[in-house]
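To keep things clear, I will list the structure first and then write my remarks on it.
No lab work stands behind these numbers, since they all come straight from the coordinates. Please read all numbers here as calculations on a predicted model, not as lab measurements. Quick reminder, even Gly has a Cβ in these numbers, built from the backbone with ideal geometry, and neighbours come from all protein chains shown.
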Amino acid sequence: MARKRTIRARRMRRILAASAIVAVAAAAAAVVWLAYETRPWTRDGRVGAQVSSMAPQVSGQIVELRITDNQFVRKGDVLYVIDPFDYRVAVDRAGATLQIRAADLEVKRVQAARREALTTVSVSIEDKQRFAGLARQAEASYALAEADLAQAKVDLGRTQVRSAVDGYVTNLLLRVGDFATTGVSNVSVVDAESYWVDGYFEETKMSRIRLGDAADIRLMGYARPLRGRVDSITRGISTMNATPSTQGLPGVDPVYTWVRLAQRVPVRIRIDDVPAEVPLVAGMTATIAIEDRPGGLGDLVAPLLDRIGLAAWTDPRRRAEPAPQETTDVRGAATTARIPAPAPPGTVPADRAAPGIAPGMTSPPGPDGPAGGRR
């Protein structure tokens, strides 16, 4: 009798031990499955950056190249110089034209003023109007010459092509002697302040991603992680069923498989902290893990209970009233850079642009004037 009890106790202990092992294994498997299937993480991440494509605003042969491939440049640094000879000649020609227009304007103004001072006995009203009109035309010609000179000076300054951002010159193929064409990009500069990371998350994990969530970013080949935050979420991806036909009707694929693959949604991560030994390169791959907000065991088993319709018991937020809809209007640390436009030149009076033109013309007629005593 005692022997049977001993055998029965041993059998019970074995059953309990086996049951405990099975329970622990099942719990471990459930935790691993939940972490892999529902935790917001992805290995499909890419480092991105803005690239400033520098194109000249004037055409000409390159006579000086001041950069090398992969060199760091500051905003405003000269990248290369276009032959300035033709543009210096244009400035000189525009300056000479301005002096001609200034002299003509002075003469026309004096002529109009003299006739305006005379009575209708000496000059007709028609002549007064004609000379006043000629003076107005001379003023317009002088303003046009001023604009041409200002444009010529700006074009001369544009022979020095400068960097618009702080960044790294990449894939430099330019050489001295090449011809630079207006509007055609020939130098690319990667903006050093514009790096971000795009993570492509499965749609089954999007419910656990919110704007502003902290993100752990690990680049392939570097042990130390980067830190960042969710900056924005893409609100549209391409789908084949949305392609319209030739008649404008939606083309729907008639084949529907039982195995459905989750779509991947791009999520942009703003980088907050980069270790000093990690160089960021646009196009690098990364593993991204979004840090869950603290919720304990309930958040861990919520996805499993959600599949059987019991998620509301573990997530008090689902039992409460729905929160206002979140928006994607998140302002990052990036600032908008503007290239300073050339300042418009100030208007120079004609008598200052061409002093000493026809001395004595501004003196009134009379015995004390330059024409006094002439008969």
Margin query: Between E64 and N241, what's the calculated FRET efficiency when r is the beta-carbon distance and R0 is 56 Å? Round to 0.05.
Written below: 0.50
Notebook entry, point to check: So what is the relative contact order for the range 88-158, in percent, with contacts set as C-alpha pairs under 8 Å and at least six apart?
Noted result: 54
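Any idea what the alpha-carbon Rg over 2.2 N^0.38 Å comes to for the range 81-240?
Working: Rg = 31.7 Å, N = 160, 2.2 N^0.38 = 15.1 Å.
Here the answer is 2.10, to two decimals.
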Check: So how do R260, R66 line up by other beta-carbon neighbours within 10 Å, fewest first?
Finding: R260, R66
Check: Hey, if you drop one equal point scatterer on each alpha-carbon of the range 61-156 and run the Debye formula without solvent, what base-10 log of I(q)/I(0) do you get at q = 0.16 Å⁻¹?
Finding: -0.77
Checklist line | Centre separation in Å (Cα based) which lies between the range 37-71 and the range 109-184 | finding: 37
Next item on the list: Rank the residues V278, V230 as a footprinting-exposure proxy: fewest other Cβ atoms within 10 Å of their Cβ go first.
Entry: V278, V230
Next item on the list: Give, in nm to one decimal, the length gained when the segment between Q151 and D44 is fully stretched (0.36 nm per residue of separation minus the Cα-Cα distance).
Entry: 33.5 nm
Next item on the list: Quick one: order V78, V47 by neighbouring beta-carbon count within 10 Å, fewest to most.
Entry: V78, V47
Check: What FRET efficiency would be calculated for the residue pair A25, E277, taking the C-beta separation as r and a Förster radius of 56 Å, to the nearest 0.05?
Finding: 0.85
Item checked: R162 versus R8: modelled label distance in nm, points set 7 Å from Cα along the beta carbon direction -> 9.7
Check: Under a 5 Å amide H to amide H cut-off, with H placed in plane at 1.01 Å, what residues pair with L226 once short-range neighbours are removed?
Finding: I217, R218, L219
